[in-house]
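Right, one structure below, let's go through it.
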Amino acid sequence: MNISYKKIIAMVDEQLDLVELVEEHPCPSGSEWMIYQYSRTSPNILSAWRDGNKHHYVFKLGKGELDLVPSLSAAGIEGISLNGDEVSITYAGLAGAGVGVGLRKDAENVISTEIIEKGGGSKLGKGVLITPMMEKLTVGIDDTDTKEEGATWVLANEVGQLIEQKGMGYYLDHTITQLFPGNPNKTQNCVSIALTFAVYPKYKYEVGKEIKKILKEKTLSNKTSIAVYCGITPSKSMRLYTLNAKREMVSIEDAKMVAMRNNIDIIEVTGNGGIIGAVAALGLSENHDMASKLPEDIVYKH
């Protein structure tokens, strides 16, 4: 029986020495066991979560010694390093957990693999996998519809698919963010959309231009704007702005201030009315549960 990971992506933030590794598991819901074991075992993992059959790991670049113990700490990632425009990932594990590199060699976006120790049975398995270096781009989109027709979330999904089809990178995620329901300017439900991409570095500054071009052609509104953020995770000021935009009216000036502090590129497609929502879509782009909630249903931590 042939079983293989479907896709493996490594997004690098060299300024912060961080890597987000995304692995598309061969099983429909992925393996929560992998998330649990890798997080317990690998000292360089800062956070990890599962989204369907996709595993996300955020690492500090470098190597960390693994103390492998059957059942308790059975598998992990020993280290991640950069070599030019390639990312090298070293996996290790006991028994079945040690054959992981072999299951990843045929995944999309993998350049090569090397088995250091084969593993299986009660033996240690170890290997290195190499992928191209990519970067994480999150694009907020708002105000593409009218009260008569259109839906921003539908058009945004089409945009994400078109960017992937053009070979600029991978369309990873689509997050709907609920904004202030009392906004008198809303079309209907008052939501904005964040699209997450893994992009090849040469297209880093082209994706926003291409999305502007697509939206210019397809939007129904004269207020459409987008906001482009390059980084592994949203900053605290971005999250706070989004939470404020859920609770109350905020201004375009507020949005521009947050954008300036976080090197967010604001692009007016047909107007500036969508700037507030486009920037607000970015802050909770990785927190789907909180992004979708009404303000009264959010538990705020102090």
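The values are calculated or read from the model by the stated rules, or taken from the named source; none is laboratory data. All values derive from a computational prediction rather than experimental measurement. Don't worry about glycine lacking a Cβ; one is built from the backbone with ideal geometry, like all the others, and counts go over all protein chains shown.
Could you tell me whether residue 110 is within 25 Å of residue 135 (Cβ to Cβ), in a loop (DSSP other than H, G, I, E, B), modelled with pLDDT of 95 or more and not assigned by TED's automatic domain parsing to the domain that holds residue 263? Show your work before the answer.
Numbers: within 25 Å of residue 135 (Cβ to Cβ): yes; in a loop (DSSP other than H, G, I, E, B): yes; modelled with pLDDT of 95 or more: yes; not assigned by TED's automatic domain parsing to the domain that holds residue 263: yes.
Against the criterion (within 25 Å of residue 135 (Cβ to Cβ), in a loop (DSSP other than H, G, I, E, B), modelled with pLDDT of 95 or more and not assigned by TED's automatic domain parsing to the domain that holds residue 263), residue 110 qualifies.
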Worksheet item: Can you tell me how many residues in region 236-259 are of a type outside the set (A, V, I, L, M) and modelled with pLDDT of 95 or more?
Response: 8
Response to the item:
Log entry, pairs with first residue in region 255-276 being free of Cβ contacts under 8 Å to residues at least 40 places away in the same chain and buried (at least 23 other Cβ atoms within 10 Å of the Cβ), second being of a type in the set (Ser, Thr, Tyr) and not in a helix (DSSP H, G or I), beta carbons closer than 6 Å, six or more apart or on different chains, reads 264/229
Practice prompt. Would you mind finding the one in 262, 189 that is modelled with pLDDT under 95 and not hydrophobic (A, V, I, L, M, F, W, C)?
Written response: 189
Discussion item. Please count how many residues of region 216-256 are in a strand (DSSP E or B) and either within 25 Å of residue 293 (Cβ to Cβ) or aliphatic (A, V, I, L, M) (or both).
Written reply: 5
Worksheet item: In this structure, is residue 233 of a type in the set (Ser, Thr, Tyr), within 22 Å of residue 47 (Cα to Cα) and either in the same structural domain as residue 161 (by TED's automatic domain parsing) or modelled with pLDDT under 95 (or both)?
Response: yes
Discussion item. Can you pull out every residue in region 1-54 that is among the aromatic types (Phe, Trp, Tyr) and either in contact with a Lys or Arg (Cβ under 9 Å, 6 or more places away or on another chain) or not assigned by TED's automatic domain parsing to the domain that holds residue 87 (or both)?
Written reply: 5
Discussion item. Can you find, within region 28-77, the residue that is surrounded by the fewest Cβ atoms within 10 Å (Cβ to Cβ) among those that are within 16 Å of the chain's Cα centre (by Cα) and outside any strand (DSSP E or B)?
Written reply: 52
Practice prompt. Please list, ordered by first then second residue, the pairs with beta carbon atoms under 7 Å, 6 or more apart or interchain, first in region 1-30 and basic (Lys, Arg), second at pLDDT 90 or above.
Written response: 6/24; 6/107; 6/108; 7/24; 7/107; 7/108; 7/109
Discussion item. Going by what's in this entry, would residue 176 be described as in a helix (DSSP H, G or I), of a type outside the set (Gly, Ala, Ser), at pLDDT 85 or above and in the same structural domain as residue 290 (by TED's automatic domain parsing)?
Written reply: no
